[in-house]
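Student: I'd like to ask some things about the structure below.
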Amino acid sequence: MADEELEALRQQRMAELQAKHGDPSGDSSQQEAKQREAEIRNTILAQVLDQAARARLSNLALVKPDKAKAVENYLIQMARFGQLPGKVSEQGLIEILEKVSQQTEKKTTVKFNRRKVLDSDEEDDY
């Protein structure tokens, strides 16, 4: 399993390098490289995640593709460095999602600027 994973990572890295440096063979090779990269990502995620976790991640990808991509990258990186002891369950994926949400959380603040309007009738009321 580790050899297959290593080979998949090598192919992914090779596709990234070819895409970065511009392959002279044209548009079709770029599409093929993107397709290979997507296949490699899917095989790695299939090895890392159980069925329920993959379903949750695909649902997340429909709603928030950027967050799903960040979680996928995080999982692939953890798999590369051997930090995952086994398949990640749905509960483990939820914990990872919470970590990623905390890191990418946008803090919004609302500040009210109340204008003080001079009311000339204040003195006349007494």
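The values are calculated or read from the model by the stated rules, or taken from the named source; none is laboratory data. Quick caveat: nothing in here was measured; it's all calculated off a predicted structure. Quick reminder, even Gly has a Cβ in these numbers, built from the backbone with ideal geometry, and neighbours come from all protein chains shown. The protein model used for the area step is the full one, side chains on, heavy atoms only, and it has no ligands, DNA or RNA in it. Shrake-Rupley method; radii C 1.70, N 1.55, O 1.52, S 1.80 Å.
Student: Mind checking which pairs have a first residue in region 62-89 that is small (Gly, Ala, Ser) and a second that is open to solvent by 100 Å² or more (accessible area, probe 1.4 Å), Cβ under 9 Å, 6 or more apart or different chains?
Tutor: 68/62; 70/103
Student: Anything in region 81-116 that is among the charged types (D, E, K, R) and modelled with pLDDT of 85 or more? List them, or say none.
Tutor: Passing the criteria: 87, 90, 95, 98, 99, 111.
Student: Could we say that residue 36 is loosely packed, with under 15 Cβ neighbours inside 10 Å, basic (Lys, Arg) and either under 27 Å from residue 84 (Cβ atoms) or at pLDDT below 80 (or both) here?
Tutor: Judged against the criteria, residue 36 is not a match.
Student: Would you list the helices (runs of 4 or more DSSP H) that sit entirely within region 1-120 and hold 2 or more residues that are polar (S, T, N, Q) and touching an Asp or Glu at 6+ places or on another chain (Cβ under 8 Å)?
Tutor: Ranges flagged: 27-48.
Student: Which members of region 67-88 meet the condition of being surrounded by 14 or more Cβ atoms within 10 Å (Cβ to Cβ) and either acidic (Asp, Glu) or farther than 27 Å from residue 16 by Cβ (or both)?
Tutor: Passing the criteria: only 72.
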